[in-house]
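This report refers to the structure that appears directly beneath it.
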Amino acid sequence: MELSKRVSALSPSSTLAITAKAKQLKAGGHDVIGLGAGEPDFNTPSYIIEAAAASMRDGYTKYTPSGGMPELKQAVADKFEKDQQLTYKEEEIIIGNGAKHILYTLFQALLDEGDEVIIPAPYWVSYPEQVKLAGGNPVFVKGSEDNHFKITADQLEDHVSSLTKAVIINSPGNPTGSMYTKEELKELGETALKHDLVIVSDEIYEKLIYGDASHVSLAQLSPELKEQTVLVNGVSKSHSMTGWRIGYAAGSRELIKAMTNLASHSTSNPASASQFGALAAYTEDDGSVETMRQAFEERLNVVYDKLINIPGVSCVKPEGAFYLFPNVKEAAGKAGYETVDEWVEALLEEEKVAVVPGSGFGSPDNIRLSYATSLDLLEQALDRIKAFIEKKT
Ligand code: PLP
C-alpha cells in the first residue's frame, strides 16, 4: 500500500528504538532501569479520580461542546487570572485532548504550505513533525549550552525571513529543564512583535520549577505580547494526569474559533470524564501538586550532584521539568565511541540503564535522563553510569 507523502516524511520518535531495546532486555529477565519516562511516576491525586468517577455515575457520559465544557473553560480562565494575572474570556480558550493535540490543531489552524516556524534547539521531538504535518518548515536555532540552551533575541532576529510565521518558546523546556528570565523574554518578545510573529508559548511544565526560579509567560509582559501569544498548558505534568489527555490553549478569539472548528471534525471533544477530572484539579487542591514538586526537587538535587562528579560528564543545572540533559561527548569519545547514540546503546547493553540520546532533540552530544522515578532507582542508575564510564577509560 502506498502511504501519503505526509506521513512518510515523519521521523520516528527517537525514544522508540531505545525503549524497544529496553523492553526486549527486560523480557529476557534483565534488571533494566529506565530513565526515559516523559511522565510523572505518581498516580493522579485521588480527589481528581473521585470527581471523574462521580461524573460518570451522575450520567455525564455524553458528547460535550467540541472546545470543552464551559465550566472547565471558566476554571482554566480563573487559573490564568490567579496564577498569571491574565484575563481570558471563554471564547479565547479551547480545551483539547492533551497539549500535544492542542499544538497539532494550532499548527493546522495557523500554517500554510511553506510557512516557517522557528524552533529553538534542543527541542521537544513533536514540534518539528507537527509543523511539517501542517505544511510548514521548521527552522532550528541552536541555544548554546553556555547560555543554558536558550536562544537570544539576536539569534531569533538572524533567523527571521519573509516566510516566518511563528516562534515556539518552551519554558521550562523539555529536554533541558531551562527557563527563560523575564528580561530574556522581553527581548525575544520585542523581536517577535517587530516581525509580527505568532508566539507559541508551551508552558506545560509551569508548575514544576525549583530553587529560586519563577515562571514568567510572554503573555504577561504587555497587552501587545498577550495578543501575539498563544499560551499552551495542561494538567498532564502538573497533576500527574498524562493518560487523561487534557490540555488547553488561550489566544485570540479568531484562532480559538478556527481550532474549535477543526476539533469538531477531528476529535468531537476531549473525554467527558477527563474534563470533570481536570475541573476538580483546578477547583480543588489537596496539596499533592506541591508534594510532587518537592519530590522532584529532592531527586533533582541528589541526581545532579552525583552526575557532575562523574568524569567526562558536564551538566547545566535545570530549573524546571523533570529531566537532566548532560553532555557526555567527552566520556563517549574517551571510551572510543564515535557518537553518543552508540554510547547510549552500549550503556543499555552493558549496564542495563536506558537513557534517551540527545540526537532526537537536536543536540547529539547530550543525553536525556528523566528523574520521574524513585530516588533509590535513580541512585542505582547513576552508580551504573559511573561504573560504565570508569571501566571504559
Ligand atoms: N509540550 C512538551 C514540551 C512536552 O514535553 C509534552 C509532553 O511530553 C507536551 C507538550 C504534551 O503534553 P500532553 O499532551 O500530555 O498534555
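Each value in this text was obtained by applying a stated rule to the coordinates, not by laboratory testing. Just so it is clear, the model here is predicted, and its values are computed rather than measured. Don't worry about glycine lacking a Cβ; one is built from the backbone with ideal geometry, like all the others, and counts go over all protein chains shown.
General remarks:
- Computed extension length for Thr267-Gln85: 62.4 nm, one decimal, from 0.36 nm per residue of separation with the Cα-Cα distance subtracted.
- Karplus 3J(HN,Hα) series, Hz, for region 255-260 with 6.51 cos²θ - 1.76 cosθ + 1.60 (x for Gly, Pro): 5, 5, 5, 5, 5, 5
- Helix 14-27 axis, angle to the chain major axis (alpha carbon atoms, nearest 10°): 60 degrees
- Averaging 1/r across all pairs of distinct Cα atoms in region 77-141 and inverting the result yields a Kirkwood radius of 13.3 Å.
- Top of Tyr104, Tyr282, Tyr63 by mean-square fluctuation, Gaussian network on the chain, Cα under 10 Å: Tyr63
- Per-residue HN-Hα couplings for region 298-307 [Karplus 6.51, -1.76, 1.60; θ = phi - 60°; Hz; x = Gly/Pro]: 4, 4, 3, 5, 5, 5, 4, 4, 5, 4
- Its alpha carbons considered, the chain gives a radius of gyration followed by a Dmax of 21.0, 64 Å.
- Relative contact order of region 62-283, pairs being alpha-carbon contacts under 8 Å that are 6 or more residues apart, as %: 29 percent
- Stretch gain in nm, segment Ser8-Gln294, where the contour uses 0.36 nm per residue and the Cα spacing is subtracted: 98.7 nm
- With the highest mean first, a sort of the peptides 323-335, 18-30 on other beta-carbon atoms found within 10 angstrom per residue produces 323-335, 18-30.
- Here the alpha carbons of region 105-217 define both size measures, Rg and Dmax, at 13.5, 43 Å.
- Evaluated over region 317-393, the Cα radius of gyration and Dmax, each in Å: 12.0, 33
- Rounded to 10°, Cα long-axis angle of helix 375-392 versus longest principal axis of the chain: 40 degrees
- For region 62-283, the antiparallel share of DSSP beta bridges with both residues in that region comes to about 35%.
- In plain terms, if you count all Cα to Cα distances in region 1-160 and split them into 5 Å steps from zero, the share in each step is 1, 6, 9, 11, 14, 16, 16, 13, 8, 4, 1, 0 percent.
- Taking all Cα pairs closer than 8 Å and separated by 6 or more residues, the relative contact order of the chain comes to 24 percent.
- Each residue of region 191-196 was assigned a 3J(HN,Hα) from its phi angle through the Karplus expression (A = 6.51, B = -1.76, C = 1.60, θ = phi - 60°), giving 5, 4, 5, 4, 9, 6 Hz with x at Gly and Pro.
- Helix 272-283 axis, angle to the chain major axis (alpha carbon atoms, nearest 10°): 90 degrees
- Region 28-51 versus region 259-333: alpha-carbon centroid distance in Å: 12 Å
- For region 51-152, the dipole from Cβ point charges (+1 on Lys and Arg, -1 on Asp and Glu) about the Cα centre works out to 360 debye, to the nearest 20.
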